[in-house]
Amino acid sequence: MKADFETQLRRVRLAAPSADLDRRMDSLLAPTRQTSRRWWLGATAATGLAAAILFLLSPLARSPAPTQPVVYQIEAQGLMREWLVPPFPKSQTPPAVIVTVIR
Amino acid sequence: MNPAAIETLRVFYVGNRQQLYTYAVSLTRQREAAEDAIHAAFQQLLRRGELAADLRPYIFRCVRNAALDALRRARVRGDSLFAVGPVPDPVAPADPAPGLARELDGKLAQLSPDERETIVLKIYDELTFQEIADLRDVPLPTVASWYRRGVEKLRNLMGETP
């Protein structure tokens, strides 16, 4: 009996959606619309990637590496050694050291 | 969203357009709002990027959410989910139950929203109880109870003997 009642309910004709909805859905779900959007996104991404690669490979002047301290070792004997190597002798004031470079 | 998923949505719409529309009108009670809700639901689905494994309750739930949003915004007009009134399409089959549509429309309105929605989904949209439970996010026995109570009330309202 219940099945008969349900069958009776199913027989009632339903209101149909309009053709306008079908047109809107065709437009929304059309594959070409999605493909053309992806084409633009792909082109933009490829352009950005190419620009990044060109930038990295370009022979731009790079800032010089920070200078490392240059260490020179000199021999100092006698009084010179006393003046240059701490502890300095208290009796005498060490003179100012002037460095000149001879070619 | 990849072309295969879009094609899946398109095929789903073509195969379920009547059921989706019936459901949306039963919720919004307004044909234009129902069509807007279906369109909005599919727009949302396209933006999400991937589809759920169980497509049917998932898409019906999206339509439900969009329809309830539309219902909140629009004033209810009282459009029927049944083809009441003159038949506009000359090639449509004759209504096998003339008059029943109007009576049923009025009687369905007297059920609770849950009972009415469950009957529409089960009888006219042909979802299973499990799919309705997934869509509504409620236990299956709750859905079965809504359906059983709704059908019994409907039979009593329409004077059918059980």
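The listed residues are B:Arg29, B:Arg77, B:Arg48, B:Arg72, and the only one of them that is at positive phi and at pLDDT below 90 turns out to be B:Arg29. Taken over the stretch B:105-115, the residue count meeting the criterion of being in contact with a helix residue (DSSP H, G or I) (Cβ under 7 Å, 6 or more places away or on another chain), at pLDDT below 95 and either more than 19 Å from B:Met158 (Cβ to Cβ) or in a helix (DSSP H, G or I) (or both) is 2. In the stretch B:23-43, the residues that are free of Cβ contacts under 8 Å to residues at least 24 places away in the same chain form Cβ pairs under 6 Å with partners that are part of a helix (DSSP H, G or I) and surrounded by fewer than 24 Cβ atoms within 10 Å (Cβ to Cβ), at six or more places apart or across chains, as follows: B:Glu35/A:Leu21; B:His39/A:Arg24. The set of residues in the stretch B:104-146 being of a type outside the set (A, V, I, L, M, F, W, C), more than 14 Å from the chain's Cα centre (by Cα) and within 13 Å of chain A (Cβ to nearest Cβ) consists of B:Gly106, B:Lys107. In a residue-by-residue description of the stretch A:34-50, the property of being at the interface with chain B (Cβ under 7 Å from one of its Cβ atoms), at pLDDT 75 or above and not in a loop (DSSP other than H, G, I, E, B) applies to no position.
Can B:Ile6 be described as over 15 Å from B:Glu117 (Cβ atoms), at pLDDT 95 or above and among the hydrophobic types (A, V, I, L, M, F, W, C)? Criteria not met by B:Ile6. Give the residues of the stretch B:1-24 that are within 14 Å of the chain's Cα centre (by Cα), more than 14 Å from B:Glu126 (Cα to Cα) and surrounded by fewer than 16 Cβ atoms within 10 Å (Cβ to Cβ), sorted by residue number. Selection gives nothing.
The values are calculated or read from the model by the stated rules, or taken from the named source; none is laboratory data. Just so it is clear, the structure is predicted and the values come from calculations on it, not from any experiment. Positions of Cβ are generated from backbone atoms using ideal geometry, with glycine treated the same way; all protein chains shown enter the neighbour counts.
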